[in-house]
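Peer 1: Here you go, one structure.
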Amino acid sequence: MMMLKGAPERIVAMCTTMYTQNKVVPITKELSKELEDLNSQLGSRGERVLAFAQIEMDEKYDENYKFDIDEKNFPIENLTFIGYISMIDPPRPAVRRAVEDCHKAGVKVYMVTGDHPVTAHAIAKSLLLITGPT
């Protein structure tokens, strides 16, 4: 068994099935949209979201097999989506005050992040990087 975790949009794109209610079902367009909406909902609360998937491996992938992450010499398609985990990963308490001080001093503040855009937007709002209507 191989399990993967990562960015929801990347992991879900590798999946063709989903484990739900003790069975594996195909991921339809409707189900894919539901998963995307759930990811956006969690991200809009400023939560970091990770997706998990799995695949049963052939016998050739035993303890002696040399996995190569660069060559991807293992299955990365037709995985089974297992679920999301979301967690609160708040900015440090002093960040909001530092942003306010920068604004008062006329300094433009930019946020650089690898978070999903919806999550980044929610965090930016909480830090007052976005102050107008969006």
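The values are calculated or read from the model by the stated rules, or taken from the named source; none is laboratory data. Since the model is a prediction, treat every value here as computed from it, not as a measurement. Here the Cβ is made from the backbone with ideal geometry for all residues, glycine too, and neighbour counts use every protein chain on show.
Peer 1: Could you check segment 82-129 and list, in sequence order, the residues that are closer than 22 Å to LEU42 by Cα, free of Cβ contacts under 8 Å to residues at least 12 places away in the same chain and outside any helix (DSSP H, G or I)?
Peer 2: If the condition is that a residue be closer than 22 Å to LEU42 by Cα, free of Cβ contacts under 8 Å to residues at least 12 places away in the same chain and outside any helix (DSSP H, G or I), then ARG92, VAL112, THR113, GLY114 are the ones that fit.
Peer 1: Can you go through THR16, THR20, THR28 and tell me which one is in contact (Cβ under 8 Å) with a residue 12 or more places away in the chain, in the same structural domain as LEU79 (by TED's automatic domain parsing) and over 15 Å from the mean Cα position of the chain (by Cα)?
Peer 2: That would be THR16, the only listed residue that is in contact (Cβ under 8 Å) with a residue 12 or more places away in the chain, in the same structural domain as LEU79 (by TED's automatic domain parsing) and over 15 Å from the mean Cα position of the chain (by Cα).
Peer 1: Would you tally the residues in segment 79-129 being loosely packed, with under 13 Cβ neighbours inside 10 Å and in contact with a Phe, Trp or Tyr (Cβ under 8 Å, 6 or more places away or on another chain)?
Peer 2: 0
Peer 1: From PHE74, PHE81, which residue is modelled with pLDDT of 90 or more and closer than 21 Å to GLU34 by Cβ?
Peer 2: PHE81
Peer 1: Quick one: would you say VAL49 is within 30 Å of VAL25 (Cα to Cα), surrounded by 15 or more Cβ atoms within 10 Å (Cβ to Cβ), under 21 Å from the mean Cα position of the chain (by Cα) and outside the structural domain of THR17 (by TED's automatic domain parsing)?
Peer 2: no
Per-residue answers, yes or no, for (1) modelled with pLDDT under 95; (2) over 30 Å from ILE130 (Cβ atoms); (3) among the basic types (Lys, Arg):
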{"position": "MET1", "(1), (2), (3)": "yes, yes, no"}
{"position": "VAL24", "(1), (2), (3)": "no, yes, no"}
{"position": "SER40", "(1), (2), (3)": "yes, no, no"}
{"position": "LYS60", "(1), (2), (3)": "yes, yes, yes"}
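Peer 1: Same structure, new question: Among the residues of segment 84-109, count how many are at pLDDT 90 or above, within 24 Å of the chain's Cα centre (by Cα) and farther than 30 Å from VAL24 by Cα.
Peer 2: 1
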